[in-house]
Every structure is written in C-alpha cells, then in structure tokens.
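This report concerns only the one structure given below.
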Amino acid sequence: MINLPNDDKSCGWYSVLPPAEPATKLAATQKADYAIIGAGFAGLAAARRLAELKPNARIILVDAQRVAEGASGRNSGFVIDLPHKFSLEHPDPELKQKLLGLNRTAIAQLQGLVDKYNIDCQWSAAGKYQGAVGSRGEAHLNHFEQLMKNLGETYRWVEKEELTKVLGTNYYSRAIFTPGSYLMQPAALVQGMGKNLPKNIELLEESPIRDLQKSDGKWILHGDHGTIITPKVLLATSIFTKEFGYLKNRLLPVMTFASWTRPLTDEEMKRYKGELDWGLTPADHAGTTLRMTADRRILIRNTYKHVPKYGKSIGNETRQWVQTDHRRAFLARYPDLADVPLTHTWGGIYAISRNFTNFFGQLEDGIYASACDNGVGAAWGTISGTLMADLVVGADSQNLADIQYVTGMPNLNPPEPLLGLGVKFRINLAKWQSRSEL
Ligand SMILES: Cc1cc2nc3c(=O)[nH]c(=O)nc-3n(C[C@H](O)[C@H](O)[C@H](O)COP(=O)(O)OP(=O)(O)OC[C@H]3O[C@@H](n4cnc5c(N)ncnc54)[C@H](O)[C@@H]3O)c2cc1C
C-alpha cells in the first residue's frame, strides 16, 4: 500500500476559487502513449510540452486530488528567478547562471500561458523583498548582496523608511529588493492551466494511482476504478515519488504552513497604511514570509515540520499552535489590525534533499521523474516538467543540457531514528536562529 497525499481542505487560495466542475476520474482500462502522474506545476508543464511535441499521441495526466489542491496550489505564490539560497552559494558560477536561465525560461512560459488564456491569477511582475529584522538578518543580507554582485544581478537596498511605506509596518530594518520574481494566486494559476490544456491531454482527477507494475514491456498504473497501460510514465509527484519505490531514502518530506486574513476593508486599509501587491521573504531562511495580495489579504507563512506520514503526521493540536504562532507574527507586524482575523490556515508538503540537489531524469526503462523541488517549485516544477517531456521524446535543446548540468542525485538519508532526530534538530536550530524574523 502506498501513502497518498492527504492535504487539508482549509487552503485559503483554493477556497476563494469558484466551485470546480465535476472531476473526470480514471475508469476502466485506458491505453495511453504517455501517462503523467501528478498535476502540479511539473505535471501540467510536462503534459503541455508532450502535447506540443506529439500532437497525435494520447496523453493522460492523472492526479489523486483536484488540480490546485496539492502543493502547487497552496504555496506562497512567489515565482522566483534566483536560485535557491543553497544553490546561490554553490562554488560553480556556471551552475548558478544556468539555474537562473532555466528559472527565467519558466517564468516566461508561465507569463505566456497567463496572457494566452487570460488566467485571472493576480500575476504580477512585483519583484521580491528580502527583509531583515535585526543585525543577524542584516548580516544575511550583506552576504546576499555579495552573492548578487558575484552573479552580476540587479538588486537595490531598501531602507526602513521606504520599507515601512510599502509594507505598512516598521517591523523590518532593511531589505534587498530583487526585480525578477513574480507574484501570483497559486490555486488560480494552476487551476487555470489545468482548464486550458491542449486537446490531446486527458486530465483525470481524484484518481490516485496505487501501484506501478511492468507487464509485457508496458507499465500498468493501477487506480481504484481503472488502470492505465502505457510504455512511458512521467512521475511529477514531488515527494510522493518515493511511494512508488524510487529515490526512497533520498527525499525528505517537509511541511510548512500559511495563514491569511480576509480582504481588508477600506477602513482597515487606512490603518494598514501600506501598499498592495508585494511579497517579502525572510533574510534568515527559517523566518516568516509575508505577502499583501492585490486583493488586500495579508498572508503569513512560517514553521517547518518533518512529516514522514505526510498530512497524517499533523494533528489538530499542531494546527492550533501553528495558527497561534501565525497570529503572533501578524500582531507583531500589524498591531493596529489586531481586530482582523486570520480566516484560513493550511499546510503543504514538498521535498527537500540533504544536499539540496534536484533529481531530473530517467529512473528505469520507461519511467522518468522530476523530484525534489527544495521548496521553490513554481519555476522549477514548470521548467523541469517541460524538459522531462523533451527528454522522454528525445528532443535535444540547450535547456535540456543545462538542466542535466544543474541536477544530480539527492544524498542518501541516514536510517531512522537518526533521520527523524537529525531533521527535528536542524529545524529547531534554524527556528531558534531565525527567531527575530518569525
Ligand atoms: C505553504 C507553502 C509555501 C510555498 N511557497 C512557495 C513559493 O512561494 N514559491 C515556490 O516556488 N514554491 C513554494 N512552495 C513549494 C511549491 O509549492 C512546490 O515546490 C511545488 O508545488 C512543487 O510542484 P510539483 O508539481 O513538483 O509537485 P506538487 O505540487 O506536489 O504536485 C504533485 C502532485 O502529485 C499528486 N500525487 C501524489 N501522489 C499521487 C498518486 N499516488 N496518484 C496520483 N497523484 C498523486 C499530488 O496530488 C500533487 O498534486 C511552497 C510550498 C508550501 C507548502
């Protein structure tokens, strides 16, 4: 028996979407030229690219949940061009330039889809603030500045006075603004992409795949009420890839949590005093991510948990203290909005590896995967899904060569109980070190 996604139903982004049409589910025996499991950023991009490259092929995209119910629809909505902070510190400058190029290709691709299908998802070229609260955070920013200089990237220091006017809080002492990140409403973007798939893709939702078996040179994907028979399977299942027996001791399931307010009223906007449509990530990486959406909601994201049993690892008690922590973070920044409630709190799961290396490639004959997004999968999922399709059909490109250059094998994890204890210690240490930015 494999463990399936078990996401909560309290995601704010998803809750404000109009009710989805009834799902088409996997039934009977289906033959496909390609089957993609997982309809997040990676799976949607892989399916789209395959459909372009093989317009006459039958392509099935299948997900255990509705599109946008998984991590791709419940994140903080940053589409980030810069490499992940651990990759930014990589000694190889070529690797960083290639990562930047790949992320920017992904952003252009998403921008193209938003424009083409008129996807209403608050897509915005807003850039990103990286905000420090005290001297420890400012030291991180100094280091970040050096990394930006080494990369030759554009950035700008934002001092407290200007920052206070934008954010509506004087909580932060300084920030570095980088212009290349985009903001969006993740559930709306992902659902919009799911609704506008090319004609030769069949999207099957609420159709968990419980088993992969090989017979007569074909892969058989077993669902609850049907099977898919196909020569080629693309796993776009992020952390759940290990449930199919691949990269089993190399991926770590991490959950992080977000809460948001309802849209502020006109009177509350006067008390808020800041601007709309900005996003801030913490200078110290385990701190709080903060957003003011274009539709006046303040979003708080922080806290990490190691979740070996995915959503089932988190009980009501944990959710309660996460919400209490979010409330505390909100009040520390916006004491004048103390009467504004946090209406939704949700968690989501993604995959990290101990060496922060992404896996991309073939796992065995007919099975391909892009797994381990390290928590920045909006751009990464999009580009790695696209290029996974190129790899499967043998289409050569510079981008494919680049992604093969920047990816590798995630490190093996130590055995339990060492793993659980080690991850808990690392998370708690990072939380303590980032305490001023929580
Ligand atoms: C709270 C939070 C905030 C975040 N903020 C950001 C951010 O601002 N920017 C950013 O870039 N990233 C962010 N992330 C990370 C980002 O959401 C992920 O990196 C990204 O969603 C990964 O995309 P993906 O397509 O690879 O995987 P996923 O979105 O995880 O998609 C995998 C899909 O596989 C499906 N699946 C799994 N098992 C099965 C099965 N057996 N059968 C069928 N289907 C299956 C799942 O239902 C899921 O839909 C955040 C994550 C969280 C949780």
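Bear in mind these aren't lab numbers, they're just calculated from the coordinates by the rules spelled out. Values in this document were obtained by computation on a predicted structure and should not be read as measured data. Using ideal geometry, Cβ is built from the backbone for each residue, glycine included, and neighbour counts are taken over all protein chains shown.
Nothing charged except the Cβ atoms of Lys and Arg (+1) and of Asp and Glu (-1): what's the magnitude of the dipole of the chain about its Cα centre? Round to the nearest 20 debye. Walk me through the intermediate numbers first.
Working: 50 positive and 45 negative charges, 130 e Å.
Charge dipole, the chain, about its Cα centre: 620 debye, nearest 20.
The lysines whose alpha-carbon is closer than 17 Å to the alpha-carbon of Lys54, local same-chain residues fewer than 8 away aside, are Lys31, Lys199, Lys232. Taking only Cα atoms and a 10 Å spring cutoff, compute GNM fluctuations for the chain and point out the largest among Asn170, Asn302, Asn75. Between Asn170, Asn302, Asn75, it is Asn170 that shows the largest mean-square fluctuation.
In the elastic network of the chain, a GNM with C-alpha springs shorter than 10 Å, the most mobile of Ser181, Ser215, Ser384 is Ser215. In the chain, the DSSP-assigned H stretches of four residues or longer account for a calculated mean residue ellipticity at 222 nm of -10500 deg cm²/dmol, using -39500 (n - 2.57) per stretch and the full residue count as denominator. Each other residue within a Cβ distance under 11 Å of Tyr368 adds +1 if Lys or Arg and -1 if Asp or Glu, for a net charge of -2. For the range 108-162 versus the range 294-334, the inter-centroid distance based on Cα atoms is 23 Å. Dipole orientation for the chain: of the candidates Ala369, Asn56, Tyr246, Tyr246 has the Cα lying most toward the positive pole (charges on Cβ; Lys, Arg +1; Asp, Glu -1). In this simple spin-label model, placing a label point 7 Å from the Cα along the Cα-to-Cβ direction at both Glu89 and Glu416 gives a separation of 2.9 nm.
Using the Kirkwood formula over every pair of different C-alpha atoms, what hydrodynamic radius in Å results for the chain?
Numbers: mean 1/r = 0.0452 Å⁻¹.
Its Kirkwood hydrodynamic radius stands at 22.1 Å.
Find out how many positive minus negative residues lie around Leu147, taking Lys and Arg as positive, Asp and Glu as negative, among other residues whose Cβ is under 12 Å from that of Leu147. Net charge in that neighbourhood comes out at 0. For Lys270, the aspartates and glutamates whose Cα falls under 13 Å of its own Cα, not counting residues fewer than eight places away in the same chain, are Asp336. The magnitude of the dipole of the range 20-100, with charges of +1 and -1 set on the Cβ of Lys/Arg and Asp/Glu and taken from the Cα centre, is near 280 debye.
Run through the range 175-253 and list the trypsin sites (Lys or Arg not before Pro) located in a DSSP loop whose Cβ has at most 11 other Cβ atoms within 10 Å.
Details: sites: Lys195, Lys199, Arg210, Lys214, Lys218, Lys232, Lys242, Lys248, Arg250; in loops: Lys199, Arg210, Lys248, Arg250.
Loop-located and lightly packed - Lys199.
First measure r as the distance between the Cβ atoms of Asp8 and Asn355, then evaluate 1/(1 + (r/R0)^6) with R0 = 25 Å and state the FRET efficiency to the nearest 0.05. It comes to 0.25. The aspartates and glutamates whose alpha-carbon is closer than 15 Å to the alpha-carbon of Lys195, local same-chain residues fewer than 8 away aside, are Glu21, Asp63, Glu69, Asp115, Asp120, Glu205.
Per residue, the convex hull around the alpha carbon atoms of the range 368-438 comes to 120 Å³.
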